[in-house]
Structures are given as C-alpha cells and as structure tokens.
Amino acid sequence: MSPVVNELRKRRREIPVWVGSLVILAAFLGGWEFYVREFNVSKLILPAPSAVIAAWIASLSNANTWFHTWITAWETILGFFFAMIVGVGLGAVLGKMPKVEKMLNPFIVATQVVPKVALVPLFVVWFGFGMTSKVVIAAVLAFFPIMLNTALGVKSVERGYREVLSSLNASRWQAMTQLEFPSALPYILTGMEMGVVLSIIGAVVGEYLGGSEGLGNLAVREMNSYNTTALFAVIIHLSALGFVFYAVVVGLRRFLIPWHESARAMKG
Amino acid sequence: MMPGTAAAGVGQGGAIAIALRDAGKEFETPEGPVRALSTTNFTVLEGEFAVLLGPSGCGKTTMLRMIAGLEAPTSGVIEVGGRNLWTPGKRDNVALANMGMVFQDANLFPWLSVEDNIALPLKLRGVRKAERRERARSLCRLVGIAGFEKRYPRELSGGMRQRASIARALSYDPKILLMDEPFGALDAITRDLMNIELQRIWMETNKTIVLVTHSIPEAVFLADRVVLLSPRPGRIEEIVDIPFARPRSAALNEDPAFQHIANHLRERLEH
C-alpha cells in the first residue's frame, strides 16, 4: 500500500478521544429521553433528561440552592481539612515507625472493614444535627485513604536516595523535608483524590440523616414532596460540586509534582 | 602479598588521606556470621587515584561503604584525614564532610532540577541560594552538562545523570571522592568516554579518588594503583602500581604494556 494512502488512513482514524465521550453521553441521554417519551414513564419515577436539565438550570438562579450548596461545600472542606491534618500526620508517623504500624495494624484493618456510613447516626447523636456532625463524618471517611497512602509513600522512599542523604550527614529533619515529604507527595495526592470524594459523600449522607440544611437535606425534601425532577436536579448539582472539588485536587498534581509520571500523563 | 603488608604506596611522599587499620567486616546472618572483608590494612595517599578491583563478593563495595561512613566496620579503625571515622555510636562529622560519594545509580532526586540536585549538599549546609546557584553552574561546566541546569533528571541520559551526580559529590569541595561502580550501568561507549572525563575532572580538581569496579580495563586506565581483591572471604590479593603518564588517552588500551598489566590482573582474578 502506498505511503500516502497509509497516511490518509491514519489521519482518518485520529478522532479525538473526547468526541467519543461526547457520543456516548449523547447516546445515553437520547436513549433515556426516548424511553421516557415512548413508554409514557411517570415523571414521579423517571423524569426526562430535558426536564431535569431545565429544572437544574432554573435552580441555579435560586438563592436557596446556593445557600445549601455553601453548607455542603463548607462541611466538605472542613472535614477534608481535618482529615488531611490527622491523616498526613498519622500516616507519616506510621510510615516512619514500622513497629507502631504493626501494633496498630489489626485496629486499622478493623476500622477499614466497618461500614463507616453505619456510624453516621451515632455521630448525629454525639455531635448534634448541626454542621459539626457532618464535618466529623466527612473527616472520618476521608481520613483513611489519606493516612494509608501517606504511610505507604513514606515507606516507599528509595533506599538509594536515603543513602545519598546519609553520606551527606543530613539530619532527620532534613531527611524529612528534603526527601521523605517530596517523595511521598504523589502518594499523598492519590490519598487526597480518594479522600475528597469520600468527604463529599460523608457530608451528604450526614445531611440525609439529620438536620435541615445542605444539598443532601434538600434532596431528601424534594423526595418527600414527590418532586422527582427536582431531586434529579439536586443530584446533578451535587455531581457538579463533587466534580469541582475533585478537579481542584487532581489539578494540584500539576502544580505540586510536575516532575512525576502522573502529572505528565495529564498533559499528554 | 599478605593483607597485613598491603600498605604499599606509603613512602611515595604524599600525606595519608585514608587509612584502614585492621579494619574488617562481618555480617550476621541466620546461619551465623559471614566474613565480608578480612582484617585489612591499606592506605590511600592524598591526590591518589586508587581503584578497588575484584569479582562480586570480594568485599570491594563493603570496603568502600565503610570508608564512606555507610557501613560500620566490625573490627579495626578507619581514619579519614587523620580522624577516626567510626567512633562507637556515631560517625565523625569532619571526616564525613571530607568525602563525597558517587553511587552506581546516580540517585538524583526526581523532584529537583539538575541544578538543585547538584546544590542539595550546600542547601543542607545552609548555603544561600544565590551562592548555591553560582556553584552549581560552575560545576555543570566542570562535568560537561552546562545548559542543563534547569532540566529534571528524567530528561537526561544515563551518562549525563552520572555527571550530575559527580557534580553533586563535588559541590561542597570534599578532598576525597568515593565512587561505587559509577559507570557500571552505562553502555560501553559512554563508559569509555566517562573514564576519560573522570580522569580530566580528577586532574582539574586534585581530588583523592577511590573507585570500585569489576572492569579490568577501567581499573588500569584510571588508577595510580589497582587494589585487587578476591572473594570468600574478601581480602586484598595484590596491589599493582600503574605507571602510565597522565593524561592517558583512549589509545592506551592498545598499548602492549597496558595489555600486559590487564592480562596479569585477569590471570590473578581467574586463578
């Protein structure tokens, strides 16, 4: 086959990936819309996507939506913030002290296995129906992946790098700031990515079960008033909020660890 | 030659940079202690280029790591610049600051630019940033990677990375450079080039160098003295003076006298 034909074929095949994603999304929404219209599905059960999107866009100009958004966002940020402090701190200690880690390991596994969402009612009892209980839940959920990844990162420091610092007679503090922290940072960021999603889940589940504020609570209220279209709109709104948080944390990679494979792959 | 009489080179006139006095190393294993290096006496003179040569398991790397302060001897004394390096419980800071170590892997930190990697030892010593940058720049010129100061290590070839790692070891101007198979991971062509470059750097900086290798041509090309070690247990087998004038060129490898020494070392290694 001639090179020119080959070249043309190659070019034809080079459709950007995001076009494929868009096609899949359009097919999904189209199928949904078609199903709802064609089979006369009650909007109490499943509203049409066009109606949901219209309701969501309408809700964006409603001050009430933004009030609840701020509540949920603030709970998530605070919970994530505390999870970061405790998770990175404790993770670093566990990574540095293998004996302590071994000693605590059965308890870490036990707390991992417990479905932590089941503890939510307990937190509501302890910390009340206000924001505090949601912040605590968000922090507890986000804490584990951050701690475990930090510990893994500190343990994974390359031996050769340690020897460099040893031959340079570096202090323990210098080893921590110059080697262990930057070396563990990609792991910490992975823990943060998992953690930020979990802290939103924590805040929303907390709002489901108690209190009168936040997007989770708004969703429950729409459900109770049989306004399924509005419920879907809240879910979309929550997804958008989650996406923003996740994108911010993922974006940190490019600023904090531009040298790392994962940050380079993002540019790719 | 018996290990006890291995202190050749003394009497060449220079001061002693490194001295091993009855230094030995035993490793504890579940099957009992294993001798990595027999009781060894050996001195390196200031400005000398000494090469430790031998097969794997001969204790050459152990010997270098004990000198570098990375592994404690289980018997005897190691002196660097006249100071006892291994006092019980800690290492002598002044002796350590006298030495720069180059590892087989360049071990550059991937999150630091080449310049920051080279200046890392200065940062640990509290040197100001402008001064660090200045020093890194001139070291890049010395080792032949000028223009790559701002790059990350992953953007460099293996040979260039090892050049940067040599520059890092030189950054705080130690008197002694210790090198553990520094070119062992490089391809043959790059390796020959790096040998010539290392000779040039050594001649320009007047350092004392102790280099570990298992390559006979590399040892003969670089060394003032080749210290031949043999395994099980690791011990000094023979010390060979290499008489060729400096600077030596790549063509030296074809010289009959060079090949004569190389053959002699090969026979001793194979016997």
(message) Looking only at chain B, where both bridge partners belong to it, what percent of the DSSP beta bridges are antiparallel (to the nearest 5)?
(response) 60
(request) Considering the options A:Phe181, A:Asn224, A:Ile71, tell which one lies farthest towards the positive end of the dipole of the range A:59-267, charges being +1 on Lys and Arg and -1 on Asp and Glu at the Cβ, about the Cα centre. (result) A:Phe181
(request) Kindly rank B:58-66, B:224-232, B:241-249 from highest to lowest mean number of other beta carbons found within 10 Å of each residue. (result) B:58-66, B:224-232, B:241-249
(request) Would you mind giving the mean number of other chain beta-carbons within 10 Å of the Cβ of each residue in A:168-175, as a whole number? (result) 4
(request) Before rounding to the nearest 500, sum -39500 (n - 2.57) across all DSSP H runs of length at least 4 in chain A and divide by the residue total; then give [θ] at 222 nm in deg cm²/dmol. (result) -27000 deg cm²/dmol
(message) Please list 3J(HN,Hα) in residue order for the range A:128-141, calculated via the Karplus relation 6.51 cos²θ - 1.76 cosθ + 1.60 where θ = phi - 60°; whole Hz, with x for glycine and proline.
(response) x, 8, x, 5, 3, 4, 5, 4, 4, 4, 4, 5, 4, 5
(request) Show me B:26-34, A:199-207, B:39-47, A:239-247 ranked by packing, highest mean number of other Cβ atoms within 10 Å first. (result) A:199-207, B:39-47, A:239-247, B:26-34
(message) As a test, work out the antiparallel percent of DSSP beta bridges whose residues both lie in the protein assembly as shown, rounded to the nearest 5.
(response) 60
(request) Just tell me how shielded B:67-73 is by partners: mean number of partner chain Cβ atoms within 10 Å of each residue's Cβ, no decimals. (result) 1
(request) Please sort by residue number the GluC sites (Glu not before Pro) in the range A:98-175 whose DSSP state is loop and whose Cβ has at most 13 other Cβ atoms within 10 Å. (result) none
(message) For peptide A:154-167, what's the mean number of Cβ atoms from other chains within 10 Å of each residue's Cβ?
(response) 5
(request) Out of all DSSP beta bridges with both ends in the range B:79-227, state the antiparallel percent to the nearest 5. (result) 30
(request) For A:Lys134, list the lysines whose Cα falls under 17 Å from its own Cα; do not include residues on the same chain fewer than 8 positions away. (result) A:Lys116
(message) Can you give me the distance in nm between label points at B:Gln259 and A:Trp126, each placed 7 Å from the Cα along the Cα-to-Cβ direction?
(response) 8.1
(message) Sort A:26-34, B:107-115, A:38-46, A:72-80 by packing, meaning the average of other beta carbons within 10 Å per residue, with the highest value first.
(response) A:72-80, B:107-115, A:26-34, A:38-46
(message) Between A:Leu25 and A:Phe107, what is 0.36 nm times their sequence separation minus the Cα-Cα distance? Round to one decimal in nm.
(response) 25.2 nm
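Readers should treat all values here as calculations from the given coordinates under stated rules, not as data from a laboratory. Since this is a predicted model, take the numbers as computed values, not measurements. Neighbour counts are summed over all protein chains in view; Cβ atoms, including those assigned to glycine, are modelled from backbone coordinates with ideal geometry.
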